[in-house]
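The values are calculated or read from the model by the stated rules, or taken from the named source; none is laboratory data. Quantities reported herein were computed from a predicted structural model and do not represent experimental measurements. We place every Cβ from the backbone using ideal geometry, glycine too, and count neighbours over all the protein chains shown. Quick note on the areas: whole protein, heavy atoms, side chains included, nothing else; ligands and nucleic acids left out. Shrake-Rupley method; radii C 1.70, N 1.55, O 1.52, S 1.80 Å.
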Amino acid sequence: MGAHERIVTIEETAELRLGRPHVVRLEARPPNAEGAGGVSIRELVRAALRMRPDRVVVGEVRGPEALDMLQALNTGHAGSLCTVHANSAPDALTRLETLVLLAGVGLPVGAIRAQIAAAVDAVVHVTRAADGRRRVDAVGEVVATGDRLWLRPLLASPGGSLRAIEPPTRSARRPEAGPADRAWFEC
């Protein structure tokens, strides 16, 4: 990722510190005692798309904003990412599908799955050990077969050691960005 790229982060509580130039940080706000003045994650995702971002990072998707995030990923904001809490990497796809249904726009499940398949390249599942440390447990590539979604395992950690299983089959969405910049991962 180049230093010129504009990144918009969206969080319930601002915690991300990316240490990159051109980062715009947006934070949700609860309504006041009278019920006014609140700003939701969903509203922030929509506002972020008007800010000409190269990448959108949503700290956690847990409601109808999942639909807006999918739309962002499918309209030129490839390389964006979000967190979805789930019990496993495959469960993350089902959870994302359920969160999109919360938007209440009446999309058929097949259309939602097609949007997920077009938007999401991979799922990284992170687990937390009893001592509080986090580790990558699995990485899977999203594959669509008909109107069914599944994860093709790329990396897994049997016995706690992450090992390659298969190389990815999907091509890079942003090959012009070049190889991953190590500094991007050092948050």
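Some notes on this structure:
- Scope region 124-142; condition open to solvent by less than 30 Å² (accessible area, probe 1.4 Å) and out of contact with any Leu (no Cβ under 6 Å at 6 or more places or on another chain); matching residues: His125, Ala138, Val142
- Filtered residues of region 107-121 (kept if part of a helix (DSSP H, G or I) and surrounded by fewer than 15 Cβ atoms within 10 Å (Cβ to Cβ)): Val109, Gly110, Ala111, Ala118
- Some residue of region 36-50 being open to solvent by 50 Å² or more (accessible area, probe 1.4 Å) and assigned to a strand (DSSP E or B): no
- All of Leu93, Leu81 fail the test of being under 12 Å from the mean Cα position of the chain (by Cα), under 23 Å from Arg170 (Cβ atoms) and either surrounded by fewer than 18 Cβ atoms within 10 Å (Cβ to Cβ) or among the hydroxyl-bearing types (Ser, Thr, Tyr) (or both), apart from Leu81.
- Every residue from region 14-27 that is part of a loop (DSSP other than H, G, I, E, B), without any contact (Cβ under 8 Å) to a residue 40 or more places away in the chain and under 16 Å from Thr83 (Cα atoms): Ala14
- Test result for Ala78, modelled with pLDDT under 90, among the hydrophobic types (A, V, I, L, M, F, W, C) and in a loop (DSSP other than H, G, I, E, B): yes
- Positions within region 155-172 being surrounded by fewer than 12 Cβ atoms within 10 Å (Cβ to Cβ) and touching a residue at least 40 places away in the same chain (Cβ under 8 Å), in sequence order: Arg170
- Neighbours by Cβ (under 6 Å, 6+ apart or cross-chain): first from region 96-115, among the small types (Gly, Ala, Ser); second in a loop (DSSP other than H, G, I, E, B) and open to solvent by 40 Å² or more (accessible area, probe 1.4 Å): Ala103/Pro64; Gly110/Asp147
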